[in-house]
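Report on one structure; see the data block that follows.
Just so it is clear, none of the values below were taken in a lab; they were calculated from the coordinates. What you see is a predicted model; the values in this text were computed from it and never measured. No Cβ is skipped: glycine too gets one built from the backbone with ideal geometry, and neighbour counts run over all protein chains shown.
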């Protein structure tokens, strides 16, 4: 089967490297950065490249799987540019962590029967094909979402794709997906940015000599791509705003307990410790 990857960053590059070990796939790619294409050709993770997205009009790409693995803001534009493939024999999927805005685009096209949302819950604070690795998705979760009009053969193709990549698959409604990830993924990044902004305002510029490894590990999230996280925050802003409100409430509760009631504070912290050990 032909696989066409649009965007050879960390995710797209890792998909290519993983699938290239199988003889079941012919892997082609398109990326505006020719250095990324050269890198993938040199390490033999792709067999060839497209000159433009319009190349997908060629008959040789019928029945292929197209994976849009670009930054979130670009994904919407690319999806619209692929409208000539909607309801065709080609299967289309994406890799972004926010789906609501893309779902609105699909609605404009009456929900094409060959598009399935994919969100591999894997990655790194690093980016680019130079940081891509084979087996990035092994034993990691991938969330699929799709409209009830999507043809079963396209669901099967995308399911088989992520199974081959080693993922554990869960199917979620697109709106529910964004609500969940506002808390499980996006809010931790918000908290890391907010904490670093607080530390930045202190007179002491470098607290690294006065902290354990936990601070650095938590602030590692801030090393992620600012462009990507601007996109994600903007694309899921409604759900993230609600999550921030809930975090502010929790901080207020914790502040009150720290200031007023040590016994209640210890009970509260103990309950959270037990919850963490049971659930995370």
Extension gain, residue 105 back to residue 234 (0.36 nm per residue minus Cα-Cα distance, nm): 44.9 nm
Between helix 10-19 and the chain: long-axis angle, C-alpha atoms, 0 to 90°, nearest 10: 50 degrees
Cα gyration tensor shape for the range 66-112, rounded if a/c is under 1.5, else prolate or oblate: oblate
Whole-number percent relative contact order across the chain, with pairs defined as alpha carbons under 8 Å at least 6 apart: 17 percent
FRET efficiency for residue 264 and residue 215, using Cβ-Cβ distance with R0 set to 25 Å, rounded to 0.05: 0.40
The range 163-237: C-alpha gyration tensor shape, a/c 1.5 cut-off, then a/b vs b/c: prolate
Helix 237-260 axis, angle to the chain major axis (alpha carbon atoms, nearest 10°): 20 degrees
For the range 61-133 versus the range 221-251, the gap between their alpha-carbon centres in whole angstrom: 22 Å
Answer label for log10 I(q)/I(0) by the Debye sum over Cα atoms at q = 0.07, 0.13, 0.14, 0.17 Å⁻¹ (calculated), chosen among (1) -0.25, -0.89, -1.03, -1.47; (2) -0.31, -0.92, -1.03, -1.40; (3) -0.29, -0.99, -1.13, -1.51: (2)
Cα gyration tensor shape of the range 180-220, rounded if a/c is under 1.5, else prolate or oblate by comparing a/b with b/c: oblate
On Cα atoms only, tilt of 226-235 relative to the major axis of the chain in degrees: 90 degrees
Spacing of the two label points (7 Å from each Cα toward its C-beta) at residue 156 and residue 139, in nm: 3.0 nm
Efficiency of FRET from Cβ geometry, residue 173 and residue 125, R₀ 41 Å, rounded to 0.05: 0.90
For the chain, calculated [θ]222 nm from helices alone, where every DSSP H run of n ≥ 4 adds -39500 (n - 2.57): -14500 deg cm²/dmol
Residues residue 223 and residue 247, FRET efficiency given R0 of 22 Å [Cβ-Cβ distance, rounded to 0.05]: 0.55
